[in-house]
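Okay, so here's the structure we're looking at.
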Amino acid sequence: MLKIRLTRLGDKKSPFYRVVVAESRSPRDGKFIEVLGTFDPLVTENAYKIDKDKTLEWISKGAIPTDTARATLVKAGILEPIPYKPKANATAPKPKEKKKK
């Protein structure tokens, strides 16, 4: 199974990430298939440099973004956010009272 995920680069306390397509069984910073772009969390402007065409092509081929990668792609403007749907029964059930003997 192919995943779109982040690999960490950079020194201690100065992270820098690559957005890559990798096999789900490979390690986080291990072997990958293709680099889709970069993400620098320490920069306030232009932190996301991700190729939209490559990303959408891999998603159409069946690559699934991880939760963190999906959030990164949403912030970069490549994917649409998943709408929040509250559950039908939003109230929690009341705990049953113990009978006294």
Just need the relative contact order of the chain here, percent rounded to a whole number, with Cα pairs under 8 Å and 6+ apart.
22
Take the residue pairs LYS3/LYS87; LYS3/LYS54; LYS12/LYS54; LYS54/LYS75 and return only those whose Cα atoms are more than 21 Å apart.
LYS3/LYS87; LYS12/LYS54
In deg cm²/dmol, rounded to 500, what helix-only [θ] at 222 nm does the chain give when every DSSP H run of at least 4 residues adds -39500 (n - 2.57) and the total is split over its residues?
-5000 deg cm²/dmol
Give me the percent of the accessible area of the chain that comes from carbon and sulfur atoms, probe 1.4 Å, all protein chains in place.
54
Using the beta-carbon distance between ASP29 and SER60 and R0 = 25 Å, what value does 1/(1 + (r/R0)^6) give for FRET efficiency, to the nearest 0.05?
0.40
At R0 = 22 Å, how high is the FRET efficiency between ASP51 and ASP11 if r is their beta carbon distance? Nearest 0.05 is fine.
0.30
About its Cα centre, what dipole magnitude does the chain give when the only charges are +1 on Lys and Arg Cβ and -1 on Asp and Glu Cβ, stated in debye to the nearest 20?
1280
Ignoring ligands, DNA and RNA, what accessible area per residue does the chain give at 1.4 Å, in Å²?
81
Projected onto the charge dipole of the chain (+1 at Lys/Arg Cβ, -1 at Asp/Glu Cβ, origin at the Cα centre), which of THR68, TYR48, VAL21 gives the Cα projection farthest towards the positive end?
THR68
In whole µm²/s, the translational diffusion coefficient that Stokes-Einstein assigns to the chain, given a Kirkwood hydrodynamic radius over C-alpha pairs, 25 °C and 0.890 mPa s, equals 154
Calculate how many DSSP beta bridges within the chain are antiparallel, expressed in % of all such bridges and rounded to the nearest 5.
90
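The values are calculated or read from the model by the stated rules, or taken from the named source; none is laboratory data. Because the structure is predicted, anything quoted here is derived from the model rather than measured. Methodologically, a virtual Cβ is constructed for each residue, glycine included, from the backbone with ideal geometry; neighbour enumeration extends over all protein chains shown. Each accessible area value is taken on the protein alone, full model and side chains, heavy atoms only, with ligands, DNA and RNA left out. Shrake-Rupley method; radii C 1.70, N 1.55, O 1.52, S 1.80 Å.
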